[in-house]
1. Would you calculate the separation in nanometres between label points at Arg162 and Leu67, each defined as 7 Å from the Cα along the Cα-to-beta-carbon direction?
2. Given the convex hull over the Cα atoms of segment 237-281, what projected area results after averaging over all orientations, in nm²?
3. So for the pair Lys84, Thr173, with labels modelled 7 Å out along Cα→Cβ, what separation do we get in nm?
4. Just order 211-223, 97-109 by mean Cβ neighbour count inside 10 Å, highest at the front, would you?
5. List the trypsin sites (Lys or Arg not before Pro) within segment 163-265 that fall in a DSSP loop (any state other than H, G, I, E or B) and whose Cβ has at most 12 other Cβ atoms within 10 Å.
6. Between Asp211 and Thr189, how many nm apart are label points set 7 Å from Cα along the C-beta direction?
7. How high is the FRET efficiency from Ala271 to Lys122, r the C-beta distance, R0 41 Å, rounded to 0.05?
8. Based on the inverse mean of 1/r over its pairs of different Cα atoms, what is the Kirkwood hydrodynamic radius of segment 171-278, in Å?
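Nothing in this text is a laboratory measurement; each read-out follows from the coordinates by a stated rule. Not measured: the values here are computed from a predicted model. With ideal geometry, Cβ positions are generated from the backbone for all residues, glycine too; neighbour counts draw on all protein chains shown.
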Amino acid sequence: MPTPSGRQEHERYQNILKNLEQRNRLANEPDVQKRGAGLHHSIAHFHRSMKRGNRERMLSIVIPFSLILAFMLYIVSPFSKVNKIQVTGCDNLSAQQVKQAANLKSGNFIWRVFYQQAAVEKVARKNNLQINQLKIELTGPQSIRVVVKEYPIVGIVTNGSRSHYLLASGKKTAVSGDVTSFIQYQGFTKHAKQLTATTAQVGRISTAIRDGISEVVYSPSSDDPERLILYMNDGNTVYARISNLSTKMKYYPSIVKKMTDAGIVDLQYSAYSYSYNSKSE
């Protein structure tokens with residue numbers, strides 16, 4: 001017969017076996033399995049999120065740094081230098097004169113030329129008084145277009161043996177090339193103010209009419225200190241005034257159409273004409 005201590009030991013082992021069996025049953029239940037699977041999935045998702053976050057942080061550092069490095073390498077490389085310059089808009093200037101005035105040449109850094117074009121325009125206008133406006137356009141990775149607008153040459157003024165172009169801006173610049181096709185100005189030697197005002201007015205006259213003017217003579221009278229005489233290529237002579245010359249010359253073509261012979265077109269205070277052989281038409 002078992003002793004009391006033997007029975008107690010036997011009961012203790014029986015209880016342990018029951019607890020183990022109960023734990024096994026609980027472990028095999030569906031809810032417990034689902035909780036275990038959910039925990040495993042959460043841990044795996046956490047690890048994936050950590051990896052993705054680390055990768056995004058690394059890219060956020062590497063990409064901007066790479067772009068900055070690439071840009072720095074580009075701006076000092078031969079690929080950022082101008083190798084083609086196109087000049088448009090020239091009337092009397094040559095493309096070479098424009099490039100020289102603006103200090104533009106192959107080998108200039110294209111980014112510097114483009115982003116400093118206000119300074120380039122200022123230099124060009126200072127170096128060549130015929131340049132009114134200058135704009136730079138990018139046409140390719142290494143090519144630019146220079147769009148220039150000139151002050152019209154409204155004539156030639158001669159002082160002794162020296163001749164100068166007269167610009168619509170009122171300024172003068174040294175003559176180069178053929179000067180026979182430009183308007184000659186006479187009588188302004190001691191009248192610089194009147195010359196500046198006259199050239200500004202001539203510059204506002206349409207090209208078609210301006211091309212018909214051969215000579216402008218300052219001929220003030222006691223009654224009119226602004227009196228001008230214009231000799232036209234068609235044989236007519238125009239009397240006009242400095243202050244309204246460009247406005248009055250608009251009527252010249254329509255007046256000439258009504259004339260049967262060459263003569264005088266008086267635009268000083270009104271607008272009428274008469275032939276050289278008669279007092280009035």
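1. Reported label-point gap for Arg162 and Leu67 is 5.8 nm.
2. Across all orientations, segment 237-281 yields a mean hull projection of 2.9 nm².
3. About 2.8 nm, to one decimal.
4. Working: 211-223: 15.0, 97-109: 16.8.
Those peptides, ordered most packed to least, come out 97-109, 211-223.
5. Lys190, Lys258
6. The answer from the label model is 3.4 nm.
7. Values: r = 43 Å, r/R0 = 1.04.
Given R0 = 41 Å and the Cβ-Cβ separation, E is 0.45.
8. On the way: mean 1/r = 0.0695 Å⁻¹.
With all distinct Cα pairs of segment 171-278 included, I get 14.4 Å.
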